[in-house]
1. Give the span of the range 1-74's Cα atoms along each principal axis, as three whole-Å numbers ordered largest to smallest.
2. How much of the accessible area of the chain, probe 1.4 Å, is carbon plus sulfur, in whole percent?
3. Once the piece of chain linking Asp95 and Lys444 is laid out straight, how much longer is it, given 0.36 nm per residue of separation minus the C-alpha distance between them?
4. How big is the range 226-373 in terms of Cα radius of gyration and Dmax, in angstroms?
5. Roughly what angle does helix 409-441 make with the longest principal axis of the chain, taking Cα atoms, 0 to 90 degrees, to the nearest 10?
6. At a Förster radius of 60 Å, what calculated FRET efficiency corresponds to the Cβ-Cβ distance of Thr62 and Val420, to the nearest 0.05?
7. What is the helix-to-structure angle for 331-341, meaning the angle in degrees between its Cα long axis and the longest Cα principal axis of the chain, kept from 0 to 90 and rounded to the nearest 10?
8. Normalised by the number of residues in the range 229-280, what is the relative contact order in percent for Cα pairs under 8 Å and 6+ residues apart?
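The values are calculated or read from the model by the stated rules, or taken from the named source; none is laboratory data. Predicted model, so just to flag it, every value in this text is computed and none were measured. Reconstructed Cβ throughout: ideal geometry from the backbone, glycine too, with neighbour counts over all protein chains shown. What goes into the accessible areas is simple: the full protein's heavy atoms, side chains included, and nothing from ligands, DNA or RNA. Shrake-Rupley method; radii C 1.70, N 1.55, O 1.52, S 1.80 Å.
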Amino acid sequence: MFFAILARVHHEILLFAIVGLAIGGVDDFIIDVVFLCRRLWRKMIVYSRHQRMTTATLPASTRPGRIAIFIPAWREADVIGQMLRNALVNWGHQDYRIFIGLYPNDQATLAVVAPLAADEERLILCINEQHGPTTKAHCLNVVWRSMLREEARTGIRFKAIVLHDAEDVIHREEIRLFDVMTDRFQLVQLPVLPLPGHGGWWSKAIANHYCDEFAESHGKYLTVREAMGASVPSAGVACAFERQTLERLVNPANGGPFDPGSLTEDYEVGLRISNMGGRGVFVRMRDDKGQLVATREYFPDSLKDAVKQKARWMVGISLAGWDRMGWQGGPAEWWMRMRDRRAALSAFVLFTAYLALLLWGLLLVGNLLGVAPAPRPSSTVEALLWVNFGFMTWRMAMRAIFVGSSYGWAFGLGAVPRTVIANIIAMMAARRATFQYVQSLIGKPLTWDKTQHRFPDLESPA
């Protein structure tokens, strides 16, 4: 009796899982087809007649201007000093100012930044009037108001605002590229390439799954999104906003263009710019040495921090995004927003798939003990299982190719087993995100869910 009920439950859960996985597989496969067709067309039509542009052949801006870099910093004493010194050396004497958002109750970070800014006019401290942590958006609005005061003091209006985090390793050509591209676009996003992890195999696997996801997302998905005319969301780092456009988003109640009630203010700003007719662009360009102009950084290498970070993204994009940003735009935009917001549901489908696998194992054990019939799927379920197997094989191959092209082929092959770890993190993050979102609906304010950061040893050969 028990195993008969278990078999029925297994069938229903399995059917739900494979239907959900098949829908997601079709969705991903269409993205892949669009990307491959676009790549083939550009190779045969565009690059057969025109040489690929690099920063060496990039023309100068027709309207050069001063660039503002916003860096919100809450408990970043371990990394921000190295990050700022590296940025100042890399960017040299280009026309920019770095605004660092700080908190009065974060004396450790203040103690690191204040000596650097003492004799450096390019570094400007922006002290929050509130104790931390607030949301990142609230801190960015404090920085925005400091930028306005700097404009009033100098009489020089900034051309663009660039967002970065305190752990970012920034490319030397980034400022010049932003200066050129913001002549034509209101939002410019450059690739983000996570740095491979260090330490034990578990820490490496957690950190490296970010490499896998960003290699594919910033190597394929954003290029497809832009090509289809949909909005280009900001990644929160390595992105620039044309200053006048960002000013149009200012809400006096917020004290700036960012919504302090959001955990993914960067993503939302990209969509809001598109909603009011602005153009975004995702730029993959190489420098004179063939290196991709991208921001590199370490991502979390502990399960706890990875789940916290992924949960924050899910709350802001997948859950709150439904009611905060709506469904503006045409079919391509609706499709992209649906893909953005499917993360929590996808994690639930994954959970049911793993649960179905576990129940299948129990039924198999029961059959070996002679107390249950052999678990045999119906013809419909079997057909869907084969469809999903085909999609899974294609998906793993595509991921390995994109990861391999960015990090090497051995690393790319490692992306296949790391998918299991990515799935575990996604399921745990979905659970945390759901609880946080429900709590926010009943009045608990959202705050900056801090994760620990570190900065690479740039002097090391590694």
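1. Taking max minus min along each principal axis of the Cα atoms, the range 1-74 gives 77, 48, 16 Å.
2. The C+S portion of the solvent-accessible surface of the chain is 62 percent.
3. On the way: separation 349, 0.36 × 349 = 125.64 nm, distance 4.22 nm.
So the extension gain works out to 121.4 nm.
4. 21.2, 73
5. Computed tilt is about 80 degrees.
6. Values: r = 50 Å, r/R0 = 0.84.
Approximately 0.75, to the nearest 0.05.
7. Between the helix axis and the principal axis of the chain, the angle is about 80 degrees.
8. Details: 48 pairs, mean separation 24.2, N = 52.
Across the range 229-280, relative contact order equals 47 percent.
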